[in-house]
Each structure stands twice: as structure tokens, then as C-alpha cells.
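Read through the structure below, which is laid out as C-alpha cells, and then see the notes.
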Amino acid sequence: AFGIEMDVVKAIGSPRTDEILDEDITDYKKDSIRQRHPLLKDKKVYVYFPTFREIDGTLTEFDPKIDWAQMNENLTDDEVFVVARHPIMKKDFFNGSFYSRVKDYTVDPTPELLSVADVVITDYSSIIFDASLMNKPMLFYCPDYGEYERDFYLDYDKDLPGEIVISQNNLLEGLRRACQNSTNEKTTVFMEKYMGACDGKSTERVVKLIENYIKN
């Protein structure tokens, strides 16, 4: 990923995963976001984390090809669809429209949105690793499947821990299936393969590494 030799890489973990594994912190985040957004209480929450797009290395606007009015109408009273765009995606998907069951909470912290998600929707984002560590059901919505030109480190068709959907026509039903099948074996296999070394002690290892550098 960074074009460096493996012998200078130290696999000691990412401190942010320690918080993900801490149930007390996760519960606090759930309470925090539900207090700000009471709509999320007692609902099935589908959180959409689309990543940015490029053409020939230049950032371009992304059209998720979702009819938001139709999505809002098709959701039941106990479902909420939340959009959380990548930080560098500045354009609002809704073009100023208001919906009762579809919301854009991009300004909210990603860990809080993850904590309250019943299903995580994404496309080519690394959010899948955090979601797998939290044992969240996932669905991959890729209207530009086959056209996306930024690299992806996994075999997209074989390695992903969830269903791939390329049309809004199948999106909502896919979300409901994912919600019902919350104990997805593929998610467990994915988590163990890529995140299985996370033990809640990554911060401790980072601190010790820094201390050793200071001493030496």
C-alpha cells in the first residue's frame, strides 16, 4: 500500500481498534448519537458509508443512483436509512430535499454511526474492517461495479463478507436479508482472517514502541 519493504513494518495493531472492542465505550457512543438523533431509537438503522470516486486520478462527484424519495417511501416506520459520506465528498446527495426516514448524518463521528448500525452499507471502503470487528452485517452497494478504477486489496467477488448489490431495485430487500442474517459465517471468517489479531492492547504496544525509541 505504501511502497515500502515489509522488514520495516511493525504489525502492532491500530489503537482505534481498542475502542471498538470496548463494550462500555461502544454503549456510550450509542447513547450519545441516539440523544442527538432520537429518530434512531428503537429502529432498524441502515448506515451507508460510500467512499469517494476518481477518474484518471482526479476526484469526481459520485452519483449513488438512488431515488431518495422512493427509498423514503419504501422504508417502514421502524426503518431508517442513514447516509455518511466520505469526508472529502462535499456534495449533498439530497440536493436540499427533506425526508422523514432517510437522513444525512455525515457530520457525526463514524464510530458513533457504526455503533448504532444494524447493517453497514458500503462499496470499496476500509470501513469493512471496523464493521467486521464489531460483527456488523454488511451489504455492498456498487452501482458502478466494473467501472471503479481505484485499487482494491481483496478479491471483490470472493472475499467480501456480504451480498453485492448493483441496483437500487435490490438494495432494500438486500438490507432486510442482511438484518435477518446477522450471524453471517462469512463475516466471522473475514474478521478472523483480517482482524483476528486485535486484542484490545494495540495502544499499549504503540506506547511501548515509542518509549523504546525515546530510550534508545
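The values are calculated or read from the model by the stated rules, or taken from the named source; none is laboratory data. Just so it is clear, the structure is predicted and the values come from calculations on it, not from any experiment. Quick reminder, even Gly has a Cβ in these numbers, built from the backbone with ideal geometry, and neighbours come from all protein chains shown. With ligands, DNA and RNA removed, areas are computed over all heavy atoms of the protein, side chains included. Shrake-Rupley method; radii C 1.70, N 1.55, O 1.52, S 1.80 Å.
Here are the numbers for the structure shown:
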item	result
Every pair of residues 6+ apart whose Cβ atoms lie under 8 Å, when the first sits in segment 187-208 and is at positive phi while the second is in a loop (DSSP other than H, G, I, E, B) and of a type outside the set (Lys, Arg)	200/22
Contacts under 8 angstrom Cβ, first residue in segment 94-107 being open to solvent by 70 Å² or more (accessible area, probe 1.4 Å), partner modelled with pLDDT under 95, 6 or more apart	none
In segment 146-160, residue modelled with the highest pLDDT [restricted to those that are out of contact with any Asp or Glu (no Cβ under 9 Å at 6 or more places or on another chain) and open to solvent by less than 70 Å² (accessible area, probe 1.4 Å)]	160
Residue satisfying condition, being surrounded by 15 or more Cβ atoms within 10 Å (Cβ to Cβ), of a type outside the set (Gly, Ala, Ser), part of a loop (DSSP other than H, G, I, E, B) and touching a residue at least 40 places away in the same chain (Cβ under 8 Å), within set 111, 143	143
Enumeration of residues in segment 1-45 that are in contact with an Asp or Glu (Cβ under 7 Å, 6 or more places away or on another chain), under 14 Å from residue 103 (Cβ atoms) and not charged (D, E, K, R)	33, 45
In segment 8-38, the residues that are within 22 Å of residue 122 (Cα to Cα), part of a helix (DSSP H, G or I) and open to solvent by less than 50 Å² (accessible area, probe 1.4 Å)	17, 20, 26, 29, 33
Condition met for residue 111 (under 20 Å from residue 23 (Cβ atoms) and out of contact with any Asp or Glu (no Cβ under 6 Å at 6 or more places or on another chain))	yes
Counted residues, segment 70-93 - those being over 23 Å from residue 31 (Cβ atoms) and either open to solvent by 50 Å² or more (accessible area, probe 1.4 Å) or not hydrophobic (A, V, I, L, M, F, W, C) (or both)	12
Qualifying position, being on the phi > 0 side of the Ramachandran plot and touching a residue at least 40 places away in the same chain (Cβ under 8 Å), among 65, 30	65
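Results for (1) aromatic (Phe, Trp, Tyr); (2) under 13 Å from the mean Cα position of the chain (by Cα), shown as yes or no for each residue.
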| position | (1), (2) |
| --- | --- |
| 126 | no, yes |
| 137 | no, yes |
| 145 | yes, no |
| 166 | no, no |
| 195 | no, no |
